[in-house]
1. Would you please list the contacts, defined by Cβ atoms under 7 Å and residues six or more apart or on different chains, that run from a residue in segment 240-261 that is touching a residue at least 12 places away in the same chain (Cβ under 8 Å) and closer than 22 Å to Asp206 by Cβ to a residue that is crowded, with 24+ Cβ neighbours inside 10 Å and among the hydroxyl-bearing types (Ser, Thr, Tyr)?
2. Of the residues that make up segment 278-289, is at least one within 22 Å of Arg128 (Cβ to Cβ), over 14 Å from the mean Cα position of the chain (by Cα), assigned to a loop (DSSP other than H, G, I, E, B) and at pLDDT 95 or above?
3. With in contact with a Phe, Trp or Tyr (Cβ under 9 Å, 6 or more places away or on another chain) and hydroxyl-bearing (Ser, Thr, Tyr) as the only criterion, which of Ser224, Ser213, Ser239 stands out?
4. With respect to the numbered conditions (1) without any contact (Cβ under 8 Å) to a residue 60 or more places away in the chain; (2) over 21 Å from Leu222 (Cα atoms), which one is the sole condition not fulfilled by Gln131?
5. Quick one: count up the residues across segment 204-245 that are under 18 Å from Cys286 (Cα atoms) and in a strand (DSSP E or B).
6. Can you give me the number of residues within segment 34-69 that are in contact with a strand residue (DSSP E or B) (Cβ under 8 Å, 6 or more places away or on another chain) and assigned to a helix (DSSP H, G or I)?
7. Cβ-Cβ distance below 6 Å, separation of 6 or more or different chains: which pairs start in segment 207-224 with a residue that is without any contact (Cβ under 8 Å) to a residue 60 or more places away in the chain and end on one that is assigned to a loop (DSSP other than H, G, I, E, B) and aliphatic (A, V, I, L, M)?
8. Of all residues in segment 187-198, count the ones that are within 24 Å of Phe92 (Cα to Cα), surrounded by fewer than 24 Cβ atoms within 10 Å (Cβ to Cβ), in contact with a helix residue (DSSP H, G or I) (Cβ under 7 Å, 6 or more places away or on another chain) and not charged (D, E, K, R).
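The values are calculated or read from the model by the stated rules, or taken from the named source; none is laboratory data. Because the structure is predicted, anything quoted here is derived from the model rather than measured. Cβ atoms come from the backbone with ideal geometry, glycine included; neighbour counts cover every protein chain shown.
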Amino acid sequence: MPMLRRLSVAALGLVLLFAGQSATAAPVFAANPYERGPAPTTASIEAARGPFAFAQTTVARSAVTGFGGGTIYYPTSTAEGTWGGIAVSPGFTASQSSVSWLGPRLASQGFVVITIDTLSTLDDPASRGRQLLAALDYLTGSSAVRTRVDATRLGVMGHSMGGGGSLAAAASRPSLQAAIPMTPWNTVKNWSTVRVPTFIIGAENDTTAPVASHAEPFYTSLTSAPDKAYLELNNAGHSAPTSTNVTVAKYSISWLKRFIDNDTRYEQFLCPAPTGSAIQEFRTTCPNS
């Protein structure tokens, strides 16, 4: 019996030893380093302002090349690390004022945003695409807030011809993390070369860029995009994204958070496809975790 007790104690010791080694060797998974802010809720993504205080600074046309100047909106805190960056283009004949509402909305959610003026209000979508990229290069390269921006986590947005420009920008720079064309207009219909997660916003009553000949075929053609979604605003016109719009904001924030910040906490708002009175149609491949 004493021998059996000694063997039992020895066996128990070995079990505890190996258990301890296994516990020690178990991998520790770090939290996503790009998560910014508290866990999201429907109320938080619909709110006029997010959790971060922000400031803004004007970029003079004379101080830059490749685009027409603009306004930078940025979170004032540096405690969270760097932020993703987003450039936003207006549409044909419009100035940055038509998309300026997105600056505070997105900056307060944890992004550095530059809303741009174009070199000419008559610039075509291809030119607007190049200007969006020039604005991102300025934002990360020589702007006053360059140290706040993560140059590897960038996205583009645009309205109308600016939306067509955001598709062009995504096609020419596949390293972008997200693109959001809003009621986009472009004579190019095939965007099968785009390899950027792309969220297209159309409007049911758009007569300038009818969804049947613009937003819908653009979405369908995105055969190489790793993720894509299409939102059609119910009973809305071409200019719907040029003033405060909760539906545009909540799903744009969710898309940008998911793909620029790699924050899967926002997938719940994109997948399964949301419904509601403001949505005529929502198609999605559902973001891949």
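1. Taking only residues 6 or more apart or on different chains, the pairs are Ala240/Thr183; Pro241/Thr183.
2. So far as segment 278-289 goes, no, none of its residues is within 22 Å of Arg128 (Cβ to Cβ), over 14 Å from the mean Cα position of the chain (by Cα), assigned to a loop (DSSP other than H, G, I, E, B) and at pLDDT 95 or above.
3. Ser224
4. Every listed condition holds for Gln131 apart from (1).
5. 5
6. 0
7. Short answer, once both residue conditions are applied: Leu222/Val194.
8. Number of matching residues: 1.
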